[in-house]
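Everything below concerns the one structure shown next.
The values are calculated or read from the model by the stated rules, or taken from the named source; none is laboratory data. All values derive from a computational prediction rather than experimental measurement. No Cβ is skipped: glycine too gets one built from the backbone with ideal geometry, and neighbour counts run over all protein chains shown.
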Amino acid sequence: MGYSNQFFKAINVEPSSSAEIKSAARATSISVAQLKYYNEKNIIPSGKDLESIGENLGITELELMINMGRINHAVLDAMQSNSNKIIEILQNDYNEVKNNLAIGTSKLVFETRLGKLFEGDCLKVMSQIESDSVDLVFADPPFNLSKLYPSKMDDNIKVENYLSWSEKWIAECIRILKPGGAFFTWNLPLWNSKLTGYLHTRLSFRHWIATDIKYSLPIKNKLYPSHYSLLYFIKGEKPNTFNSDRMPMQTCPKCYGEVKDYGGYKHKMNPKGVSLTDVWQDISPVRHAKYKKREGSNELSIKLLDRVIEMSTNEGDIVFDPFGGSGTTYAVAELKNRKWIGAELGPCDIIIDRLQQLDEEKEYFESIRSNINCLFPQKIKMEREKRGIWTYESEQKRKNDISD
Ligand SMILES: C[S@@+](CC[C@H](N)C(=O)[O-])C[C@H]1O[C@@H](n2cnc3c(N)ncnc32)[C@H](O)[C@@H]1O
């Protein structure tokens, strides 16, 4: 991973030459390790280091920012003041990149009453989708973590290439999204924290949803990474659809008492459960062999997709997922009677098999729905009744008895 030596290039140092790096270190009195840090992380130096680079190498902060692709709002202001001249210089190069979006071919490999699955690059697939036509985009892209996918795509590219590729597919997703449509993307906080900058320029922010799943081992001198980021943006000001599920109250698995103290407000609780927050603690990684469709893949949980699709679409709406994987989004769209369009670089046989055997997942899918939008799932409610712990019904009865 890493960046492609933009700092060394900006200060005219050949990245492969340790003699040149040492010479820059001597000239600036910045240690070799610190110069390498700026280079590896593509960080603009600050304080005395920045002053020294200016004084001893004759390179300004502006040059560093432009050559390292790290422009700030002051540069943007200056660009806006000179927009005519800048546009004239950049327009042709920009058009070339913009028109060079779709690559390869895409082939329709499977179709149902509700959906179509294409094998090919998602940019190619999207190039054939009409603007403003889909209600929800859900995207779970590769995380650039050197994973080996069956499609054999390169999952270890330079950071700036990953980000510019992400901007390309996101731009296409935004183009095909209906005004009022929802855009969700699932990624590591590392990547989503960088991508929000771009998303904020095209869409309206709704939520950064932290999904509590541990995804790596504890790291020395750092906090234990314990959440994935699910970004939720919409196109335009208002969502066309927002049907948020309500969650059951959290109860102790041993004594069935509630985990949080709701004090004297029990009788005021909504019988449909508590409001969903932007921290989701009930999404487990897919480990169970029965539900895991693809060994070693990043298959997402049906519960997650069910919640997202429920929140942002109605029956008959169109869902698009550019990164098929094992086809979780398409399977849940089918089960929820949504139309869908899918893309997977390939091969697609796992997705096709899954969609042909959807009955296997139906029971689990239905069990998810039957345990939400209530204060207590049926089993827990019965246990509480057995133990004489309050339920919504017992509280209503108590209230009525008092007023009689
Ligand atoms: C993280 S997985 C998605 C997993 C999926 N959400 C699931 O629950 O099974 C990402 C998938 O995107 C596919 N992929 C990568 N680049 C792609 C591209 N340019 N177009 C289409 N699919 C791509 C990979 O082959 C991989 O299967």
Hey, can you tell me all the residues within segment 102-114 that are within 12 Å of the ligand (Cβ to nearest atom) and hydrophobic (A, V, I, L, M, F, W, C)? Ala102, Ile103
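Only residues that are in a helix (DSSP H, G or I) and crowded, with 16+ Cβ neighbours inside 10 Å: list them for segment 55-74, please. Break it down stepwise before answering.
Looking only at segment 55-74, we keep the residues that are in a helix (DSSP H, G or I), and these are 55-57, 61-67, 73-74.
Hits for segment 55-74 are Leu57, Glu61, Leu64, Met65.
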Test Asp155 against the criterion of being modelled with pLDDT of 95 or more, surrounded by 11 or more Cβ atoms within 10 Å (Cβ to Cβ) and of a type in the set (D, E, K, R), and give yes or no. no
Phe138 meets each of (1) exposed (fewer than 15 other Cβ atoms within 10 Å of the Cβ); (2) within 13 Å of the ligand (Cβ to nearest atom) with one exception, condition (1)
Please go through (1) of a type outside the set (Val, Ile, Thr); (2) on the phi < 0 side of the Ramachandran plot; (3) crowded, with 16+ Cβ neighbours inside 10 Å for Asn42 and return the number of the only condition it doesn't satisfy. (2)
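Checking the condition surrounded by fewer than 20 Cβ atoms within 10 Å (Cβ to Cβ) and within 23 Å of the chain's Cα centre (by Cα), which residue from Ile341, Ile309, Ile350, Ile389 passes?
Details: Ile341 fails: surrounded by fewer than 20 Cβ atoms within 10 Å (Cβ to Cβ); Ile309 fails: surrounded by fewer than 20 Cβ atoms within 10 Å (Cβ to Cβ); Ile389 fails: within 23 Å of the chain's Cα centre (by Cα).
The match here is Ile350.
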Just one of Gly264, Gly236 is at positive phi and either over 20 Å from the mean Cα position of the chain (by Cα) or surrounded by 13 or more Cβ atoms within 10 Å (Cβ to Cβ) (or both); which is it? Gly236
Within the bounds of segment 284-296, is there any residue that is surrounded by 11 or more Cβ atoms within 10 Å (Cβ to Cβ), aliphatic (A, V, I, L, M) and at pLDDT 90 or above? no
Please go through segment 75-106 and give me each residue that is among the hydrophobic types (A, V, I, L, M, F, W, C), within 30 Å of Ala343 (Cβ to Cβ) and in a helix (DSSP H, G or I), ordered by number. Val97
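Select, from Ile170, Ile176, the only residue that is surrounded by 17 or more Cβ atoms within 10 Å (Cβ to Cβ), more than 12 Å from the ligand (Cβ to nearest atom), at pLDDT 90 or above and under 25 Å from Gly2 (Cβ atoms).
Result of the check over Ile170, Ile176: Ile170.
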Looking at segment 370-397, which of its residues are touching a Lys or Arg at 6+ places or on another chain (Cβ under 9 Å) and in contact (Cβ under 8 Å) with a residue 40 or more places away in the chain? Asn371, Ile372, Asn373, Cys374, Leu375, Phe376, Trp390, Tyr392, Glu395
Can we say Lys178 is among the basic types (Lys, Arg), outside any helix (DSSP H, G or I) and farther than 21 Å from Glu299 by Cβ? yes
Which residue is farthest from the ligand (Cβ to nearest atom), if the candidates are limited to segment 312-323 and must be buried (at least 24 other Cβ atoms within 10 Å of the Cβ) and under 15 Å from the mean Cα position of the chain (by Cα)? Phe320
Condition check for Pro150: within 12 Å of the ligand (Cβ to nearest atom), closer than 25 Å to Tyr232 by Cβ and assigned to a loop (DSSP other than H, G, I, E, B): no
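Pick from Ile368, Ile351, Ile389, Ile372: which is under 30 Å from Lys260 (Cβ atoms) and within 16 Å of the ligand (Cβ to nearest atom)?
Values: Ile351 fails: under 30 Å from Lys260 (Cβ atoms); Ile389 fails: within 16 Å of the ligand (Cβ to nearest atom); Ile372 fails: within 16 Å of the ligand (Cβ to nearest atom).
Within the list Ile368, Ile351, Ile389, Ile372, the selection yields Ile368.
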Please go through segment 196-251 and give me each residue that is outside any loop (DSSP other than H, G, I, E, B) and touching a Pro at 6+ places or on another chain (Cβ under 6 Å), ordered by number. Ser229
In segment 335-380, what count of residues is obtained for those that are touching a strand residue (DSSP E or B) at 6+ places or on another chain (Cβ under 8 Å) and within 27 Å of Tyr149 (Cα to Cα)? 13
Number of positions in segment 84-112 that are within 30 Å of Gln356 (Cβ to Cβ), surrounded by fewer than 12 Cβ atoms within 10 Å (Cβ to Cβ) and of a type in the set (Ser, Thr, Tyr): 1
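Could you tell me which of the residues Leu203, Leu145 is at pLDDT 95 or above and among the aliphatic types (A, V, I, L, M)? Spell out the reasoning first.
Values: Leu145 fails: at pLDDT 95 or above.
Step by step, each of Leu203, Leu145 is checked, and only Leu203 is at pLDDT 95 or above and among the aliphatic types (A, V, I, L, M).
Check segment 351-358 and report whether any residue there is closer than 26 Å to Ser166 by Cβ and either assigned to a loop (DSSP other than H, G, I, E, B) or of a type outside the set (D, E, K, R) (or both). Lay out the reasoning, then the answer.
Going residue by residue through segment 351-358, those that are closer than 26 Å to Ser166 by Cβ are 351.
Narrowing the set further to residues that are either assigned to a loop (DSSP other than H, G, I, E, B) or of a type outside the set (D, E, K, R) (or both) leaves 351.
Scanning segment 351-358 turns up at least one residue that is closer than 26 Å to Ser166 by Cβ and either assigned to a loop (DSSP other than H, G, I, E, B) or of a type outside the set (D, E, K, R) (or both).
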Test: Leu117 is outside any helix (DSSP H, G or I) and within 16 Å of the ligand (Cβ to nearest atom): yes
Of Phe138, Phe143, the only residue that is in the same structural domain as Phe323 (by TED's automatic domain parsing) and outside any loop (DSSP other than H, G, I, E, B) is Phe138
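Just checking, which of Asp212, Asp261, Asp245 is assigned by TED's automatic domain parsing to the domain that holds Asn298, farther than 30 Å from Ser131 by Cα and acidic (Asp, Glu)? Talk me through it step by step, then tell me what you get.
Numbers: Asp261 fails: assigned by TED's automatic domain parsing to the domain that holds Asn298; Asp245 fails: farther than 30 Å from Ser131 by Cα.
Step by step, each of Asp212, Asp261, Asp245 is checked, and only Asp212 is assigned by TED's automatic domain parsing to the domain that holds Asn298, farther than 30 Å from Ser131 by Cα and acidic (Asp, Glu).
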